[in-house]
Amino acid sequence: MIEDDGHYFCCNGCQGVFHLLSEQGLDGFYSKLGSEKLAPPSQQYEDSSNFDTPAFYERFVKESEDGFSEVSLIIEGIHCAACVWLNEKALINMDGVIATNINYTNNKAKIVWDDDVVKLSKIIDMIRAIGYNAYPYDASLQEEKANKERKDYYLRIAVAIFATMNMMTIMVAQYAGYFTGISADIKNVLNIGEWVLATPVLFYSGWPFFRGMYYGMKTKTVNMDTLVATGALLTYLYSIYITLTQSGEAYFDSVTMIVTFVLIGKFLEVLSKKSIADTLDIMSQHLVSDVQVVQDGKIVTKNVNDVVIGEMVVLNSGERVAIDGEVIEGSGSFDESSLTGESEPILKSKGDSVISGTVSIDADIKYVTTKDYAHSTMSNIVSLLENAMNNKPRIQQLANKLSEYFSTIILALSFLTFVAWYIYSSNFEHSFMIAIAVIVIACPCALALATPVATLVGLSIASKRGILFKEAAQLETMAKADVLALDKTGTITQGRPEVIQEKLHASFDKSLLYSLLLHSKHPVAKGVVNFIDDGSLTCVELQSFQSIPAQGMSAMYDGKMLAGGNAKLMQSIGIDVVSSSENSEFYFAYDGVLLASYELFDMPREDVKETIEKIKKMGIEILMLTGDHPKSAAKVAALVGIEHYETDLSPETKADYIEKLHQAGKIVVMAGDGVNDILALASSDIAIAMGNGSDIAIEVSDVVLLNDRFGALGDSFGIAKRTFVMIKENLWLSLVYNAITIPLAMAGYIIPLIAAISMSVSSLLVVGNSMRIKLGYKDKR
């Protein structure tokens, strides 16, 4: 017995139903019930209190950025968009539930809640109260669950096909008798035979539809299951009446055909959705659960979640890296294709970083962790891809809104069709079968599948090519973009400028310049370091180091100022220099005296020119925003085919320029890699970070190019645009299908059998059309 605010319940399920009815203003139901008691749910579930245990939280629950609890669940029993809507509405109405997103293609729910207000067990109780069940998402168990679901479908389909094939032999005799003559007794015997065959098909093979209709009725929602179950059941009951009264024609064959074809279509749809959603499961399988670490001189096995930053991990050849780190002993080759798509092995030795998700080919190494497991690369990728699949594009929200009312409208149209035909023809049987055809042929599933399937295919292709969209909605925004703003250094160029000319204006200790440059991560600083470092330089201690955006850096040494940067910086400290080169220039001064100047050139990436041409053909305007001087920018722009560029920009003026584009009504995509790009990235509609970019640039971005290949930028636009086109095509296919077939059914031109086939074909057509996104992207990296 469970006590709750003066009320007593036999189980958590009845308690959940009580709260659900109360929240919907239907608690008067209990007064109508009188002295009767509600029976507890017949299906016994695992005790929901298990979801509140520390062990469960440690394995499956994580903390969101806002400090709330977050979990991924698989919800059993979802058949259509109405099921998704019902679960989302029921959960979001609970006190303490912050957000709920359910992916229709894989039944995966992401739930965010305040653990101080509501416990996870109460959320599970609510899901069960409305007729569904939930269990934690675990990639390693998904295949087992999928096999169980497939086996269930196989058995139901086998029964349906067996009965339908035998039904066809009886139908041959009936149709032969219809044309050549048949006695009433023989006809009735054949009808009884069909009755026997149709019964297991309707109530066993068709049970998923009745179950969906039952829970829909409980919550006052009309879904696809309601349409199928209503059409088949009414036809079955009418056929029983015909058989018992021996008047008219029975339609048991239509019952079996409706259930069989819709069930087969549903099964093929499940298989299609499973193959599309496999990307996340495959990536999740790249996560390692245990690692070997060195503790007190001994090698011990630890769970990855228990490993902290700075611990020493032992990795043997053939093993997968679990946590990001830096090699301190050993060397060997690593396969990074799972992240970057590059098939060439990468040699790693002491001082190099190793990335989670990559595989040691022949390396036996020891490395020190630089991140914890939750923040390592592969964990972040899986989390981001998971979030992307759960977040719905705006166009999907519109489609779901249409689906919400679709089934109710169809039932109303079916009833009006029956009334109109009966008034017109006075033939009950004919009017009834036309009304059934209207119910069966309508397909809200095609409308509901139009967006999520195409979106999931697009995200899957992108992830396989090293392109990570953090939200599915960004596919839609990127597809509508009309301006691409590019940073120069590290984005268009390789980010490795090399010194091509050195001018020494006075003799000086290069250790001072060397020490100043080591404080900066700017590619120009690294280029000069690589040029002057001959192994003899030492690092001296500097004071008051300061990075000056878009100009350079300064520090104090022996009470005097060291300064290194561009001509603007020199002019600001009173040194008159004039930039005359078309290459990048770096000046070094000490105590107000110019000591040296360096001319550097950063080669554009190999595939930049072709990619820019490809993006231009998509109707996107391209411009370059750089803090470099005009001559250097002009040279790079000419080499890669960019006509419009802005120079001498600080991080603030880059962001201001993007705001001006917004004011002009432009949708702007910004691609960058450095800290100086953060403001511009944050100001853009879509921010894209190159894979070699700074951590903070990747953090604020919407799309990450994992393999650092500029061509992936063109692919991301292509995939986004193609996905959006397919979404619109899918919506048109489903709307045109219903706009044509429903009037035809209402006009009496379509029998229930053809309606059932058409309904299944429309869903498969949407899934098949979504697969066309893969054309042109297969096995490319």
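The values are calculated or read from the model by the stated rules, or taken from the named source; none is laboratory data. Given the structure is predicted, the values throughout are model-derived calculations rather than measurements. FYI the Cβ positions are ideal-geometry reconstructions off the backbone, even for glycines, and counts take in every protein chain you see. Calculation scope for accessible area: heavy atoms of the full protein, side chains included, ligands and nucleic acids excluded. Shrake-Rupley method; radii C 1.70, N 1.55, O 1.52, S 1.80 Å.
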Handout entry: Those residues of region 304-315 which are open to solvent by less than 60 Å² (accessible area, probe 1.4 Å) and at pLDDT below 85, in sequence order
Key = V304
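Quick grid of which residues meet (1) open to solvent by less than 60 Å² (accessible area, probe 1.4 Å); (2) more than 30 Å from M556 (Cβ to Cβ):
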{"residue": "E582", "(1), (2)": "no, yes"}
{"residue": "G592", "(1), (2)": "yes, no"}
{"residue": "K616", "(1), (2)": "yes, yes"}
{"residue": "H644", "(1), (2)": "no, yes"}
{"residue": "T647", "(1), (2)": "yes, yes"}
{"residue": "P651", "(1), (2)": "yes, no"}
{"residue": "K654", "(1), (2)": "yes, no"}
Practice task
Search region 151-161 for residues being surrounded by 15 or more Cβ atoms within 10 Å (Cβ to Cβ) and not basic (K, R), and hand back the single one that is nearest to L202 (Cα to Cα).
Solution key: A160
Handout entry: Hits in region 344-367 - residues which are among the β-branched types (V, I, T), over 28 Å from the mean Cα position of the chain (by Cα) and assigned to a strand (DSSP E or B)
Key = I346, I365
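Among Y236, Y241, Y214, which is the only one that is among the aromatic types (F, W, Y), farther than 18 Å from A160 by Cβ, assigned to a helix (DSSP H, G or I) and in contact (Cβ under 8 Å) with a residue 12 or more places away in the chain? If you could, list the steps in order and put the result at the bottom.
Numbers: Y236 fails: farther than 18 Å from A160 by Cβ; Y241 fails: in contact (Cβ under 8 Å) with a residue 12 or more places away in the chain.
Matching residue, one of Y236, Y241, Y214: Y214.
Matching residues to (1) at pLDDT 90 or above; (2) on the phi < 0 side of the Ramachandran plot; (3) crowded, with 23+ Cβ neighbours inside 10 Å:
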{"position": "A82", "(1), (2), (3)": "no, yes, yes"}
{"position": "K108", "(1), (2), (3)": "no, yes, no"}
{"position": "V112", "(1), (2), (3)": "yes, yes, no"}
{"position": "N133", "(1), (2), (3)": "no, yes, no"}
{"position": "P136", "(1), (2), (3)": "no, yes, no"}
{"position": "E143", "(1), (2), (3)": "no, yes, no"}
Practice task
Just one of (1) out of contact with any Lys or Arg (no Cβ under 8 Å at 6 or more places or on another chain); (2) open to solvent by less than 10 Å² (accessible area, probe 1.4 Å) trips up V483, so point out which.
Solution key: (1)
Problem - region 399-419 - residue that is of a type in the set (G, A, S) and within 34 Å of the chain's Cα centre (by Cα) and, of those, modelled with the highest pLDDT - result: S407
Practice task
Among the residues of region 84-106, write down those that are under 20 Å from the mean Cα position of the chain (by Cα), modelled with pLDDT of 75 or more and not in a helix (DSSP H, G or I).
Solution key: I98, A99, T100, N101, I102
Practice task
Check whether at least one residue in region 324-332 is open to solvent by less than 30 Å² (accessible area, probe 1.4 Å), over 27 Å from L705 (Cβ atoms), modelled with pLDDT of 85 or more and not aromatic (F, W, Y), and report yes or no.
Solution key: no
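So, in region 568-580, exactly how many residues are of a type outside the set (D, E), over 15 Å from A633 (Cα atoms) and surrounded by fewer than 20 Cβ atoms within 10 Å (Cβ to Cβ)? Steps first, answer last, please.
Step one: filter region 568-580 for residues of a type outside the set (D, E), giving 568-575, 577-580.
Keeping just the survivors that are over 15 Å from A633 (Cα atoms) gives 568-575, 577-578.
Okay, now just the ones that are also surrounded by fewer than 20 Cβ atoms within 10 Å (Cβ to Cβ), so 568, 571-575, 577-578.
Of the residues in that region, 8 qualify.
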Exercise for the section: Please indicate, with yes or no, whether at least one residue in region 506-518 is touching a residue at least 12 places away in the same chain (Cβ under 8 Å), under 22 Å from K635 (Cα atoms), buried (at least 18 other Cβ atoms within 10 Å of the Cβ) and not basic (K, R). Expected result: no
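Can you name every residue in region 595-610 that is among the hydrophobic types (A, V, I, L, M, F, W, C) and in a loop (DSSP other than H, G, I, E, B)? Quick ask: steps written out before the conclusion?
Within region 595-610, the subset among the hydrophobic types (A, V, I, L, M, F, W, C) is 595-596, 600-601, 603, 608.
Matches in region 595-610: M603 only.
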